[in-house]
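Trainee: Got a structure here, written out as structure tokens. Questions coming.
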Amino acid sequence: MKWSFVNDLPIYAQLIEQIKVGIVTGAFPPGERLPSVRDLATEAGVNPNTMQRALAQLESEGLVYSQRTAGRFVTEDETRIGETKRDLAQKHVARFMEAMRSLAISREETLSLLEAEFGKETGTNECPDM
Amino acid sequence: MNVLTCKELSKKYGRTPALSGVSLNVESGHIVGLLGPNGSGKTTLIKLANGLLTPDDGTITICGLLPGKGTHAQVSYLPERAVLPEWMSVMQILDYYADFYADFRRDAAQEMIHHLGIDMKQRIRQMSKGTREKVQLIMVMSRQAKLYLLDEPIGGVDPATRDYILNTIISNYNPEAAVVISTHLISDVEKILDDVIFLDRGCVVLESSVDEIRETRGVSVDALFREVFKC
């Protein structure tokens with residue numbers, strides 16, 4: 001996993017978001033055991049207490065669960081993972097919409113920009129052999 | 001539990017005040033940044049905690065004890081300047097630490113040295129500045145101390161060495177112990193800190209957790225530091 005942090009948000013909140021991304025993209029597959037708090041903290045280069053706080057929050061959101069001696073595991077609840085994926089996507093959309101509004105780009109312009117972008121993507125997808 | 005406690009602590013060098021009425025607590029399990037510009041009293045505070053200086057006024061205690069023989073066994077100190085005897089080899093340094101400190105985890109030190117690919121027979125004199133700093137930090141972090149006092153552990157080394165040093169601090173984290181890191185390279189250390197203490201001309205001007213600063217002020221500790229200490 002690649003970890004990166006911005007300056008204006010609490011670190012634990014950024015850890016939560018990045019672990020969620022890891023879970024929905026399969027970097028941390030459902031049912032899989034998570035590395036220990038210390039290992040995760042070392043990997044991310046953050047304070048172990050901050051990592052612990054992030055994992056506790058993910059636990060209360062039902063995305064990970066603890067087993068007394070065996071450690072922490074990713075949930076196997078695919079519906080829960082699906083919801084999380086949607087939440088994350090919605091956050092990106094909200095940020096995008098805010099950026100468009102601040103540039104005073106109309107609904108129609110926004111939509112046509114998106115369509116053009118999708119067009120580009122299909123273009124590149126047509127030649128998968130490289 | 002409080003590992004380090006200062007009450008109205010003051011120290012002057014001649015007529016120049018270095019610390020004026022500093023009161024603070026450092027709890028076990030916390031990694032604390034002692035932050036301030038040059039001459040704000042960071043090193044003085046650390047030297048007082050080590051018993052290398054004595055206070056003019058107020059008290060400083062480690063796990064309830066005044067600095068002295070009893071606390072030396074519980075405090076692992078990384079001085080600002082390198083102090084390992086230059087003629088010693090890594091092997092001799094390991095023996096030296098094992099002799100001095102009952103809490104020295106030789107296996108842990110050896111493993112970290114090995115991981116860095118440093119030859120046991122290499123002498124300190126033959127090492128680059130970065131390697132010396134790494135070896136010194138490994139020795140300090142390999143003790144099973146109650147309090148680690150790290151005075152400028154990342155000053156004057158390249159960013160890759162900085163990362164290595166910070167990682168070594170995290171991977172040796174012990175919930176029973178506290179770590180105090182003095183530095184002015186804030187953006188590099190803030191992710192590994194629980195709390196920060198800002199010192200300005202010998203006084204504590206701010207005590208807060210890192211995430212509290214980011215949450216309530218929406219800025220990094222580094223940005224806040226630049227704001228508070230703007231010249």
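The values are calculated or read from the model by the stated rules, or taken from the named source; none is laboratory data. Treat the numbers as computed from the prediction; the structure is a model and nothing was measured. Reconstructed Cβ throughout: ideal geometry from the backbone, glycine too, with neighbour counts over all protein chains shown. Please note that ligands, DNA and RNA were not included when accessible areas were found on the heavy atoms of the full protein model with its side chains. Shrake-Rupley method; radii C 1.70, N 1.55, O 1.52, S 1.80 Å.
Trainee: Rounded to the nearest 0.05, what FRET efficiency is calculated for A:THR79 and B:ASP56 with R0 set to 51 Å and r the Cβ-Cβ distance?
Mentor: About 0.20, to the nearest 0.05.
Trainee: Let me ask another. State the dimensionless ratio Rg/Rh of chain A (Rg: radius of gyration of Cα atoms; Rh: Kirkwood radius). Before the final figure, lay out each step's value.
Mentor: Values: Rg = 18.3 Å, Rh = 17.1 Å.
Here Rg/Rh amounts to 1.07.
Trainee: Let me ask another. So how much slack lies between B:ALA73 and B:ASP200, counting 0.36 nm per residue of separation and subtracting their Cα-Cα distance, in nm?
Mentor: Contour length minus Cα-Cα distance gives 42.7 nm.
Trainee: Moving to a separate point now. Using a 10 angstrom cutoff on alpha carbons, build the Gaussian network for chain B and name the most mobile of B:GLN144, B:GLN126, B:GLN110.
Mentor: B:GLN126
Trainee: What whole-number value in cubic angstrom gives the convex hull volume per residue for the C-alpha atoms of chain B?
Mentor: 128 Å³
Trainee: What is the spin-label model distance, in nm, from B:HIS114 to B:SER23 if the labels are put 7 Å beyond Cα along the C-beta direction?
Mentor: 5.0 nm
Trainee: With an 8 Å Cα cut-off and a minimum separation of 6 or more residues, compute the relative contact order for segment A:11-77 in percent.
Mentor: 39 percent
Trainee: In whole angstrom, note down how far apart the Cα centers of segment A:2-31 and segment A:102-123 are.
Mentor: Spelled out, the Cα-based centre of one part sits 28 Å from the other.
Trainee: Here's something else I'd like to know. Compute the normalised compactness of segment B:169-215: alpha-carbon radius of gyration over 2.2 N^0.38 Å, N being the residue count. Provide the component values of the computation, followed by the final result.
Mentor: Values: Rg = 11.6 Å, N = 47, 2.2 N^0.38 = 9.5 Å.
The value comes to 1.23.
Trainee: For segment A:11-77, what mean projected area does the convex hull of the alpha carbons give, in nm²?
Mentor: The number I arrive at for segment A:11-77 is 4.0 nm².
Trainee: Separate question: Heads up, I need the accessible area for B:LYS129: 1.4 angstrom probe, whole protein in place, Å², nearest 10.
Mentor: B:LYS129 exposes around 120 Å² with every protein chain in place.
Trainee: With the crude spin-label approximation of a point 7 Å out along Cα→Cβ, what separation in nm comes out for B:CYS231 versus A:THR25?
Mentor: My value for the distance between the label points is 4.1 nm.
Trainee: Scan chain A and note any complete DSSP helix (H) whose C-alpha atoms cover at least 20 Å along its axis and whose Kyte-Doolittle average is 0.0 or more.
Mentor: Values: long enough: A:11-25 (21 Å, 1.01); A:78-102 (36 Å, -0.98); A:107-125 (27 Å, -0.90).
The qualifying helices are A:11-25.
Trainee: Assuming 0.36 nm per residue, please report the length gained on full extension of the stretch B:LYS129 to B:MET1 beyond their Cα-Cα distance.
Mentor: On the way: separation 128, 0.36 × 128 = 46.08 nm, distance 3.66 nm.
Result for the pair: 42.4 nm of gain on full extension.
Trainee: What quantity of accessible surface, computed with a 1.4 Å probe and excluding non-protein components, is buried in total between chains A and B, in Å² to the nearest 100?
Mentor: Details: alone 9280 and 11560 Å², together 19270 Å².
Rounded to the nearest hundred, the buried surface is 1600 Å².
Trainee: Distance between Cα centroids, segment B:162-231 to segment B:110-140: provide it in whole Å.
Mentor: 27 Å
Trainee: Hey, another quick one. How big, on average over all directions, is the shadow cast by the Cα convex hull of the protein assembly as shown, in nm²?
Mentor: With the hull built on Cα positions only, its mean projection is 24.6 nm².
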